Amino acid sequence: MYAFQLTNALYKNQANIDEIEIYWLIPIMMVITPIVYLIRLKLFDKLVLGIDLKKIEAELDEYDRKENESQHKNDIK
């Protein structure tokens with residue numbers, strides 16, 4: 001977004017550059033903003049809250065394995 005504003009400041013001789021470039025800016029920001037937010041969220045969870053997604057995934061897999069074993073034991077009985 002700042003790059004577009006800087007371009008507008010440097011090239012003042014084009015009168016309608018703001019009107020045209022906003023149509024380019026919106027889709028670009030629709031892609032970049034969620035990506036940056038998700039990266040920030042992962043870093044915040046890992047560094048500040050101490051949440052490691054790999055550990056959570058391993059724990060869920062362990063619960064699934066135990067549940068499958070208990071169902072298998074019940075099926076044998």
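Some observations on this one:
- Here is how the number arises for the chain: DSSP H runs of 4 or more residues each give -39500 (n - 2.57), the sum is divided by the residue count, and the result at 222 nm is -27000 deg cm²/dmol.
- If R0 is 30 Å, the Cβ-Cβ spacing of Tyr2 and Asp52 corresponds to a FRET efficiency of close to 0.35.
- In this simple spin-label approximation, Met30 and Asp45 carry label points 7 Å from Cα along the Cα→Cβ vector, and these lie 2.6 nm apart.
- Dimensions in Å of segment 2-76 - Rg and Dmax from alpha carbons: 24.7, 81
Every read-out reported here was derived from the displayed coordinates using simple, explicitly stated rules and does not represent laboratory data. Note that the structure is a prediction, hence the values are computed from the model and not measured. Note: ideal-geometry Cβ built from the backbone for every residue, glycine included; neighbour counts use all protein chains shown.
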